[in-house]
């Protein structure tokens, strides 16, 4: 599947225009004060624009969007630091349901995902000593760091069945036996620690196709690539903002951008931006490719981008001087978002190790 | 970039691999495999081989004997040769002065020079840098004063690669001393056999003389050897530099040396374990691989932008900076991993195609390249100049 360029351009334009009008850095302050950590108004606007149905097949009223289409939205998410659970619900939750859900499960849930009435989050990382177990009807265990787990209406939970096989189960977040400890992440988004005690759950069971383990691996890669696109949006804005600042900030009677030391460092940031752009495109393409190459390129892109984006952001703070560490400047908010993103779907080191192993496993072609 | 363009570039890569395996003479392949120093005769043979394949000037327009290759095909060609460890495509004729002649030269100049460039019938060198004008090329001081139907040239060029072999020198000279630096410069073709031309080799740390000083003392150059108009040399030089800075072989060189490092790390056992299993080295190789991935993808992105005209102006600089830095670092690690063999250099044996005293039989070539490639971040616009270019042209700083 490959989304046509026109649709992607349309998505990009409409998301950019919406954010421009409704999600400026100043308008965003009120979103940060929302108890949910995001704007319910923006969320229903996204539903109206079709962003929440991005991943849905056309016959379900969706766009059947591929990684490039998802990336077009995620770049805006990064550039404007949108707070809504687009990644958690519209990309990861929806994507996993599409891969692993039965026809009936999809028929029930997809319309609610598309119209925004349901937020579906993935709870994947076991709390220490509380590995999740599914006995066929009930789920027991604990999960950590569930992004938007505080507001999700339903949860997809990875677990082992009694035979030790990986399964994905669907749980109502309000069901008896679910206890959620909500907290805020450093970038203002919500998350939760969630404990399950004999909670009634149903297994996601496709009529045919992938195992749950395969689907989880695929969705983690998909999420990783979406995060890469988000980082590209962040880095592009940081490079633009900081370059502009170098042109206006004066010290010793001249703009600080006239200093070669800063020019060269800014060029290094620009080069990182260009490499990130190339890596994002390659990772998006690799998602549809063969498994080994997918692993190599996706994890390679993520490992490189994790360092590169942090480097650009550190430089942006440094070049803004004291302002760079203030709450009132967007640079510090990008810094916090990158921190959170770096902790989602695998650490830099884990992706680097995966990349290195995959690369060195292949013999040289010549 | 269209699928068709990509497919054409891939086919070309396959043709290059087939050429390397089946057409390239064994002695040349052996020397290039070991990265030994090639003689002029070797290079001329090499360049003519490329011409016989229809490749030496394939990037030129068809009316001058080329095939009108897209930037992608040209990149794929040079990249694949470099990955295979082939000798470099000596650029002074086919890549640098050839395009200047067909773009700005007279009809007579095109007929006189282009065929000899295509076939390497005549060997060219580049007279740009001077002792006082390196990165700041506009500071050049070599003068060419018009006297009747010829110019009289006086001055000194330096870092002139293969001047000792060259039949011709394309040269930037100052024809008007009173003008502002750039506008007094002209582009002149100088016959190296002219009286008053003296070539003095410069020995570099690899024990070899790739580069030279070229002294020009009252050298008479026919006025018909002026390219284009007097005083427009800077425009032609910039056109040439743009060609010089295309992505070229840098990505392939980095790939080749990284591949060589992996091969060495797999084949060499220390205390019963392959070097590649040592965690610190493995980690470094992983980091190089990651940087190579970013470089390769950025290069394709850049070439695609060159092909569809959407360049931001920083593409070639990015590839040069990243490619040469990676190339140098990987080479450094390779040399270190050779241990004792990495400091046992027999330059003389290398020239005569002998074997090194220690280590694998390409050790000498590895060391030669290691010494030579310290200049990779200096020639063709130093890394600092490249960053200046991007700061100004792309970021507007």
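What follows draws every value from the coordinates through simple rules; no lab data is involved. For clarity, every value in this text was computed on a predicted model and none was experimentally measured. Every residue, glycine among them, receives a Cβ derived from its backbone with ideal geometry; neighbour counts consider all protein chains shown.
Tabulated results
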{"item": "Distance between modelled label sites at residue B:149 and residue A:291, nm, 7 Å Cα→Cβ extension", "result": "7.9 nm"}
{"item": "Using alpha-carbon coordinates, inclination of helix A:260-286 to the longest axis of chain A, degrees", "result": "30 degrees"}
{"item": "Cα-projected label distance for residue A:161 with residue B:393, points at 7 Å along beta-carbon direction, nm", "result": "6.1 nm"}
{"item": "Antiparallel bridge percentage (DSSP; both residues within the protein assembly as shown; nearest 5)", "result": "85 percent"}
{"item": "FRET efficiency estimate (nearest 0.05) - Cβ-Cβ, residue A:343 to residue B:177, R0 51 angstrom", "result": "0.20"}
{"item": "Angle between chain B longest axis and helix B:250-267 axis [Cα atoms, degrees, rounded to 10]", "result": "20 degrees"}
{"item": "Top of A:285, A:34, A:251 by mean-square fluctuation, Gaussian network on chain A, Cα under 10 Å", "result": "A:251"}
{"item": "Per-residue mean of C-beta atoms belonging to partner chains within 10 Å, peptide A:278-285", "result": "4"}
{"item": "Relative packing of peptides A:238-244, A:52-58, A:128-134 - highest average C-beta neighbours within 10 Å first", "result": "A:52-58, A:238-244, A:128-134"}
{"item": "Gyration tensor verdict on the range B:124-231 (Cα atoms; rounded if a/c is under 1.5, prolate if a/b is larger than b/c, oblate otherwise)", "result": "oblate"}
{"item": "Gyration tensor (alpha-carbon) shape descriptor, the range A:1-142, a/c threshold 1.5", "result": "oblate"}
{"item": "Sequence ranges B:182-189, A:226-233, ranked by mean other-Cβ count within 10 angstrom, highest first", "result": "A:226-233, B:182-189"}
{"item": "CD proxy at 222 nm, helix term only [per DSSP H run n ≥ 4: -39500 (n - 2.57); per residue of the protein assembly as shown; nearest 500]", "result": "-16000 deg cm²/dmol"}
{"item": "Residue among A:171, A:267, A:280 with the largest mean-square fluctuation in a Gaussian network model of chain A, springs linking Cα atoms under 10 Å", "result": "A:267"}
{"item": "Partner chain coverage, peptide B:300-311 - average Cβ within 10 angstrom", "result": "1"}
{"item": "Degrees, to the nearest 10: A:5-22 long Cα axis against longest axis of chain A", "result": "70 degrees"}
{"item": "Computed lengthening from residue B:220 to residue B:11, 0.36 nm per intervening residue step minus Cα-Cα distance", "result": "70.4 nm"}
{"item": "Contour minus Cα-Cα distance for residue A:138 and residue A:217 (0.36 nm per residue)", "result": "26.1 nm"}
{"item": "Efficiency of FRET from Cβ geometry, residue A:361 and residue B:33, R₀ 25 Å, rounded to 0.05", "result": "0.45"}
{"item": "Chain A: relative contact order in percent, alpha carbon pairs under 8 Å with at least 6 residues between", "result": "14 percent"}
{"item": "Sites residue B:310 and residue A:12 - FRET efficiency at Förster radius 22 Å, r taken between beta-carbons, to 0.05", "result": "0.85"}
{"item": "Percent RCO, i.e. relative contact order, over chain B, from Cα pairs under 8 Å lying at least 6 residues apart", "result": "16 percent"}
{"item": "Whether the range A:152-246 is rounded, prolate or oblate, judged on the alpha carbon gyration tensor where a/c under 1.5 counts as rounded", "result": "oblate"}
{"item": "For the range A:245-359, convex hull volume per residue from C-alpha positions, Å³", "result": "109 Å³"}
{"item": "Cα-only Debye scattering, the range A:50-94: base-10 log of I(q)/I(0) at q = 0.21 Å⁻¹", "result": "-0.63"}
{"item": "Gaussian network model of chain B, springs between alpha carbon atoms under 10 Å - residue of B:299, B:21, B:144 with greatest fluctuation", "result": "B:21"}
{"item": "Average beta carbon contacts from partner chains per residue of B:387-394, 10 Å cutoff", "result": "5"}
